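Below: one structure, written as structure tokens.
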Amino acid sequence: MSLLPQIDTQKIPQHVAIIMDGNGRWAKQKGMARVFGHKNGVKSVRESTEAARELGIKVLTLYAFSTENWNRPKKEVDTLMSLLVSSLKEELKTLQKNDIKLQTIGQLENLPKKAQKELKEVIEVTQNNTSMILNLALSYGSREEIVNTMKNISKKVVNKELSIEEIDEKIINNHLYTFNLPDVDLMIRTSGEKRISNFLLWQIAYAELYFTDVLWPDFRKEDFFKAILDYQHRERRFGKISEQISKP
Ligand code: IPE
Ligand code: IPE
Ligand code: MG
């Protein structure tokens, strides 16, 4: 039976982020090469995007490739990049049909030219879609993002566009790659690892964290719904006490 009817439509998180982990181990369990796991992870991306869209989630951020992932064997990196290109080609129609806008965070200039071109195209075609943002983190590292943010703010201070006194949380937020997105409400990590791996450090300050042992290629819509249900049973206090939180 689907968990969907149990979900409270009044308590849907605005922004969900997923660390899609476990592709390599999934393949290994099947006696296959790691890239087989990556290929089978594409379906999980589709299912999660569909599930998020069905629930009315505004932003879904997927950690697809970290700054640290460049240190993997070249063959694996190459496969991940060509998978990115082929999936973008395949998914464009579905994004359009579902009114989903594609966006990215990270150092896109580090990606192969072909991937950059494909991304640019899909971003352009989907730019006026408003039902959901699918935000792909590519060559993304949270520390790199913070360095980049500091540089941009410093430049403005040097150019006297901004004074040091004016720097506050809002200014910092507005200079992050995620400047146009709300804070993360729920962060999911698959594969049983319980770490953040340099993902959205600033943006998850008050996110609820959800860890599941399911390996990414096995992650389906119902697993996504399960995470949302878990989230809905938590009390987000933001530093206050329970009695101060208004109950419906
Ligand atoms: C996640 O799966 C995909 C990427 C990091 C690109 P992994 O490739 O990290 O799989 P495991 O963690 O080795 O099983
Ligand atoms: C995090 O997974 C990056 C992505 C999911 C893209 P990793 O598998 O690279 O993280 P670590 O190395 O286990 O921390
Ligand atoms: Mg991993």
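The values are calculated or read from the model by the stated rules, or taken from the named source; none is laboratory data. Keep in mind that what you see is a predicted model, and the values were worked out from it rather than measured. Because the Cβ atoms are built from the backbone with ideal geometry, glycine has one as well, and the counts that use them run over all protein chains shown. These accessible areas exclude ligands, DNA and RNA; they are computed on the full protein's heavy atoms, side chains included. Shrake-Rupley method; radii C 1.70, N 1.55, O 1.52, S 1.80 Å.
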- prompt: In the set Ser191, Ser197, which member is within 30 Å of Lys113 (Cα to Cα), within 16 Å of ligand 3 (Cβ to nearest atom) and not in a helix (DSSP H, G or I)?
  reply: Ser197
- prompt: Mind checking which residues of region 179-201 are closer than 28 Å to Lys221 by Cα and surrounded by fewer than 19 Cβ atoms within 10 Å (Cβ to Cβ)?
  reply: Asn180, Pro182, Asp183, Gly192, Glu193, Lys194, Arg195, Ile196, Ser197, Asn198, Leu201
message: I'd like the full set of residues that are crowded, with 18+ Cβ neighbours inside 10 Å, touching a Gly at 6+ places or on another chain (Cβ under 8 Å) and touching a residue at least 24 places away in the same chain (Cβ under 8 Å), limited to region 13-26.
response: Met20, Gly22, Asn23, Trp26
message: I'm trying to understand the selection: among the residues of region 145-185, which are under 21 Å from Leu119 (Cα atoms) and among the charged types (D, E, K, R)?
response: Glu145
- prompt: In this structure, does Ser2 turn out to be modelled with pLDDT of 95 or more and either within 13 Å of ligand 1 (Cβ to nearest atom) or assigned to a helix (DSSP H, G or I) (or both)?
  reply: no
- prompt: If you take the residues of region 27-38 that are charged (D, E, K, R) and within 11 Å of ligand 1 (Cβ to nearest atom), which of them is most open to solvent (accessible area, probe 1.4 Å)?
  reply: Lys28
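Can you tell me which residue among Gly37, Gly41 is more than 15 Å from Lys226 (Cα to Cα), near ligand 2 (Cβ under 10 Å from one of its atoms) and at pLDDT 95 or above?
Sole residue among the options that is more than 15 Å from Lys226 (Cα to Cα), near ligand 2 (Cβ under 10 Å from one of its atoms) and at pLDDT 95 or above: Gly41.
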- line: A careful count of residues in region 1-24 that are within 13 Å of ligand 3 (Cβ to nearest atom) and farther than 16 Å from Leu62 by Cβ gives 1
statement: Within region 52-69, of all residues that are away from ligand 2 (no atom under 16 Å from the Cβ) and not in a strand (DSSP E or B), the one surrounded by the fewest Cβ atoms within 10 Å (Cβ to Cβ) is Gly56
- prompt: Taking helices (runs of 4 or more DSSP H) that fall entirely within region 72-178, which contain at least 2 residues that are of a type in the set (S, T, N, Q) and open to solvent by 30 Å² or more (accessible area, probe 1.4 Å)?
  reply: 74-97, 142-158, 169-175
Members of region 25-63 that are in contact with a helix residue (DSSP H, G or I) (Cβ under 8 Å, 6 or more places away or on another chain) and within 12 Å of ligand 3 (Cβ to nearest atom): Arg25, Trp26, Ala27, Lys28, Arg34, Gly37, His38, Gly41
